[in-house]
Amino acid sequence: MCARNLTIPLEVQPWFRALDRRQWRALLAANLGWLFDGYETYALILTVTLTFRELLPIESHGAIPFYSVLTIAVTLLGWGFGGILGGISADYIGRKRTLMYAILAYSLVTGFTAFAWSWSSFIVLRFIVGLAIGSEWGTGASMVAEMWPARHRGKGAGLMQCGLGIGFFVASAVWFFVSSWGPSAWRWMYVIGVLPALLTIWIRRGIDEPEKWVEADRRRREALAARTRGEQMAGDAGYPARFTLSDLIADRGTRRLLIPALLMSTTTTLAWWGISSWVPPYVASAAAEQGLSGARWASLAGMAYNVGAVFGYLLLGFSADAWGRKPVVLAWYAGALLLTPVLFLWTHDLALLLVVCGLNAIFTLGQYTWCSTWLPEVFPTRIRATAISFCFNAPRFVAFLGPLVAGALITYFGSYSQAAVLLSLVYLIGIIATPFFPETRGKPLPE
């Protein structure tokens, strides 16, 4: 009797069985790193008003909205610089080490923020936190893309990206309880932010460098050694010896990808910081008009929004694997454009407003998954972290103006609603730019 073949064909296996332990550990490290990034970022958004009520003199309290948006803008600037530097670092010293250094840095500096004694000391510390937070994303996204199989790379990116929404939700949940601890409650949010430092112990022991990066690093070292010896390197042989940022711009193939990538990334980043970051204070103001606790409703709005965001991250990643990157990203930009007036103009019941917050977040914050899914698939390994970090973070040098412009528009119109709808037109830029980016679904990473 012939033995029955019990091997299950690959195409009918559940997708998660195609992954090994190393790939899951890499995803977990990247997800947790991004989760704690989300906590640090949203802690600022949730607590900034209370923070400045304590740090600023009473006569300056009327200017708290200005100080708030300026602090967020400075954090974004730090994020932009740190992201680019972190991407370069990840290409030279490795994904694992850069991830560890970034998490350790933003955890410790966040803890120091709890001891800020003035607005100036607070904003300096937030700039440094921004530097460290920016360094984490490109490292984690590169690591997941290089270790996950092509058929499931979008799923891995979505699972990694949802860490941000989980971090936002955790911050909202923590603030729901901590906000009642008095005028200095905001300091406890930053004390709790020290905990991610413990993650670096596990990363050091449990995570491996992607083999693709190890091979690219070997070729880089060989090319640098050959250049040091004065050898002539023809054609592509000399590329690994170039400085990664110079290589990104000098190479015609990668250079032509930068314009649509930067336009799309600017759309996503500018819209979120200029519109969606105002969701908690917008809901808080609506609650206050009805005599309810603004701080509590801001926390509820943050939790509802980020439940939707987590679902949006996952849905975009899984959808991109099923139907392709291009049509799915276009759908997310269009959904964000359509749902912004629904949230800020047409919904007035507070309970329904929480539901719409979640639906809006699927498209506005959930669209960030395109960056971790699509960007790593178009750039070669030797410059992958540099390239995707540049595309992801350089727009922050424009996006930091988003909170400032939004603050000015809110002051001009006297409400959040008209300002948000006007700024949402930025999604049209992403809709126009997306068709010019190459479809990469199921294709191997460029070497």
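The values are calculated or read from the model by the stated rules, or taken from the named source; none is laboratory data. Quick caveat: nothing in here was measured; it's all calculated off a predicted structure. Methodologically, a virtual Cβ is constructed for each residue, glycine included, from the backbone with ideal geometry; neighbour enumeration extends over all protein chains shown. Surface areas here come from the heavy atoms of the whole protein model, side chains and all, with no ligands, DNA or RNA. Shrake-Rupley method; radii C 1.70, N 1.55, O 1.52, S 1.80 Å.
Condition check ((1) touching a Ser or Thr at 6+ places or on another chain (Cβ under 6 Å); (2) outside any helix (DSSP H, G or I); (3) among the aliphatic types (A, V, I, L, M); (4) farther than 25 Å from M160 by Cα) across all residues:
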residue: G253; (1), (2), (3), (4): no, no, no, yes
residue: P260; (1), (2), (3), (4): no, no, no, no
residue: L270; (1), (2), (3), (4): no, no, yes, no
residue: V279; (1), (2), (3), (4): no, no, yes, no
residue: A295; (1), (2), (3), (4): yes, no, yes, yes
residue: A309; (1), (2), (3), (4): no, no, yes, no
residue: G312; (1), (2), (3), (4): no, no, no, no
Note: among Y39, Y67, just one is buried (at least 23 other Cβ atoms within 10 Å of the Cβ) and not aliphatic (A, V, I, L, M), namely Y39
Does W332 fit the bill of being at pLDDT 95 or above and under 30 Å from A223 (Cβ atoms)?
no
Checking W272, W346, W297 in turn, the sole residue that is without any contact (Cβ under 8 Å) to a residue 12 or more places away in the chain and surrounded by fewer than 24 Cβ atoms within 10 Å (Cβ to Cβ) turns out to be W346
Six or more apart or on different chains, Cβ atoms under 6 Å: show the pairs whose first residue is in the range 112-135 and free of Cβ contacts under 8 Å to residues at least 12 places away in the same chain and whose second is part of a loop (DSSP other than H, G, I, E, B) and open to solvent by less than 50 Å² (accessible area, probe 1.4 Å).
none
Residue in the range 324-332 that is of a type in the set (K, R), buried (at least 17 other Cβ atoms within 10 Å of the Cβ) and part of a helix (DSSP H, G or I) present:
yes
For the range 129-147, enumerate the residues that are closer than 20 Å to R325 by Cα and open to solvent by 10 Å² or more (accessible area, probe 1.4 Å).
E146, M147
Return the only residue of R97, R151, R187 being farther than 30 Å from L445 by Cβ, modelled with pLDDT of 90 or more, among the basic types (K, R) and surrounded by fewer than 24 Cβ atoms within 10 Å (Cβ to Cβ).
R187
Taking the range 77-129 on its own, how many of its residues are farther than 30 Å from R242 by Cα and among the small types (G, A, S)?
7
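This table checks each residue for (1) under 23 Å from the mean Cα position of the chain (by Cα); (2) within 30 Å of T434 (Cβ to Cβ); (3) open to solvent by 40 Å² or more (accessible area, probe 1.4 Å); (4) basic (K, R).
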site	(1), (2), (3), (4)
R221	no, no, yes, yes
L257	yes, yes, no, no
T267	yes, yes, no, no
S277	yes, yes, no, no
A286	no, no, no, no
Y305	yes, yes, no, no
Return yes or no: is E447 open to solvent by 40 Å² or more (accessible area, probe 1.4 Å), acidic (D, E) and at pLDDT below 95?
yes
So A420, is it among the aliphatic types (A, V, I, L, M), over 22 Å from G138 (Cβ atoms) and modelled with pLDDT under 70:
no
Exclusive hit being of a type outside the set (S, T, Y), at pLDDT below 90 and either in contact with a Cys (Cβ under 7 Å, 6 or more places away or on another chain) or on the phi > 0 side of the Ramachandran plot (or both), set G235, G206:
G235
It is to be established whether one or more residues within the range 267-282 are modelled with pLDDT of 90 or more and of a type outside the set (F, W, Y).
yes
For the range 110-128: of the residues being open to solvent by 20 Å² or more (accessible area, probe 1.4 Å) and within 19 Å of the chain's Cα centre (by Cα), which is farthest from V74 (Cα to Cα)?
I128
